[in-house]
Amino acid sequence: MVFTSFNFLIFFPIVIVLYYLIPSRIRWCFLLLTSIFFYANVLPLYVILLLFVSLITYLFGIIIEREKSDSKKEKFLIIGIILVFLPLFIFKYYDFLNEMIFNFMDYFSIRFPLPKLNLLLPVGISFYTFMAIGYLFDIYNEEIKAEKNIGLITLFLSFFPLVLSGPIERAPSMLPQFKSELTFNYEKAVQGFKFIIWGYFMKLVVADRIGIYTDVVLSNMEYHSGKTLLFTVLIYPLQLYADLGGYSLIAIGVAGVLGIKVRRNFNRPFFATTLSEFWRRWHMSLISWILDYVYTPLSFAFRRYKMKGVLLTVILTLFIMGMWHGATLTYLMWALFQGVVLSFEAITKNKKFAFEKKYNLSKKWWYIAFGISITYILFAFSFLTGGNRHTFSEGIMAFEKIINFSGSIFIDSPSNLIFIILGAFILLLKDFKEEFFSSRLLFFNNKLKIIRILSYSFIIILILLIGVFDAGQFIYFKF
């Protein structure tokens, strides 16, 4: 069951009614049963996997908290993380490592490869695994107490708005909310429905419209011209943003209607002026998780190496992030590209700041526009180095075609191209207004009720008229 399915449009209103009819003290129990039912609709067998991770997380949380010896505490943390990570490793990384070992053995004419599993990756496993690991780390660092109610731990990991594709939440934020009186909050509910509407616009009108075009081009790159590939490269980041950003807003909105606050996941990333700033605005729940539980410990461990330690930390962190996205060499190449650019920005940061201060550039509109453009282009072209849509050699071939800039642009359907431009324009216009004129030109938050109603009516009409309702699941489900 996905947010854009007809089943969810029936499921969610029923959940809202029943949720607010039952006593508030047992609403968390209802949420738990609802979340298990929701996840079982993806594939019932994988509920067992989710319950296994919940049980391990619950038990080792208590064990880590009770242990007085720091060395034993650390050992139990490592064991707990290994056990929690084990299902993700088997489903996501086993065949990748097996293939590498087989190729190595084959080079020396040793033919004893491990059997290939070809398992279907459980939807959302990367997200709830990270949440579980974060919970164990928080107990180890004595930031929270271990939860004694296994039902609340299971709800934390399986909460249906977040379980399939995030945002990646933290136990200190979510567990107290589940324990509190989950009463109806009018402002949260209204804001939640606003997020849901805009999330559907991002997904159905922007992401899936662009997807109609990019799917055709990226699956047959060798048959398309350099101009077509350049256009595809430049609009693909918008598809990713609208897809995951749309899902995140729907998830945040659904949780808000139920009276639960979920962290923001995007902050207008395409108006960042550097790649490092971009990553502070993009998929913020994942990036903050990586910073807290990967980058910070690594930087502490390598602090004696000074700048070399910083660069090594950045590269290793990006390597882990690349592996999180996918166990392929293309994702590692993508991560390496990001790491090189971020390392360059780290090395030149002080000189850049001094240069900007000397010529008073930080407030110049043309300098800001230049930084935004370069950052967007770097992010867009990073997908030519790798990803899940093509091989590295295909990326090189596409880059060569773009440099040659030959051929004409593939149009496919003129109406679809018009809808792509319209949807992308509205999305970027809204982000532009909120970035630079947050208190002016108010439509969705205008004091006049009629303007608010007309604004959201316009968006709903666009969703119904040009939204794509048969495009399948969200891109990040595969992670």
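In summary, L311 fulfils each of the numbered conditions (1) touching a residue at least 24 places away in the same chain (Cβ under 8 Å); (2) surrounded by fewer than 16 Cβ atoms within 10 Å (Cβ to Cβ) with the single exception of condition (2).
Yes/no per residue for (1) at pLDDT 90 or above; (2) within 19 Å of the chain's Cα centre (by Cα); (3) assigned to a helix (DSSP H, G or I):
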residue: M105; (1), (2), (3): no, no, yes
residue: P113; (1), (2), (3): no, no, no
residue: K116; (1), (2), (3): no, no, no
residue: P122; (1), (2), (3): no, yes, no
residue: F156; (1), (2), (3): yes, yes, yes
residue: G166; (1), (2), (3): no, yes, no
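Look at (1) within 27 Å of L275 (Cα to Cα); (2) in contact with an Asp or Glu (Cβ under 9 Å, 6 or more places away or on another chain) and you find that P167 fails only one, number (2). Can you tell which of I290, I210 is of a type outside the set (K, R), modelled with pLDDT of 90 or more and either touching a Gly at 6+ places or on another chain (Cβ under 8 Å) or under 29 Å from R452 (Cβ atoms) (or both)? That would be I210, the only listed residue that is of a type outside the set (K, R), modelled with pLDDT of 90 or more and either touching a Gly at 6+ places or on another chain (Cβ under 8 Å) or under 29 Å from R452 (Cβ atoms) (or both). Give segment 23-35 a look and list any residue that's modelled with pLDDT of 95 or more and aliphatic (A, V, I, L, M), or say none. Answer for segment 23-35, where residues must be modelled with pLDDT of 95 or more and aliphatic (A, V, I, L, M): L31, L32, L33.
Within segment 434-446, track down each residue that is closer than 21 Å to F193 by Cβ and at pLDDT 80 or above. Within segment 434-446, just E434 meets the criteria. For segment 124-146, a residue qualifies if it is in a loop (DSSP other than H, G, I, E, B) and in contact with a Leu (Cβ under 6 Å, 6 or more places away or on another chain), and exactly one does: G124. Taken together, V47, V42 contain a single residue that is out of contact with any helix residue (DSSP H, G or I) (no Cβ under 7 Å at 6 or more places or on another chain) and surrounded by 16 or more Cβ atoms within 10 Å (Cβ to Cβ), which is V42. When segment 409-441 is filtered for residues that are of a type in the set (D, E) and within 25 Å of the chain's Cα centre (by Cα), the ones remaining, listed by number, are D431, E434, E435.
The values are calculated or read from the model by the stated rules, or taken from the named source; none is laboratory data. Here the structure is a predicted model, which is why all the values come from computation and not from measurement. Backbone-built Cβ (ideal geometry, glycine too); neighbour counts: all protein chains shown.
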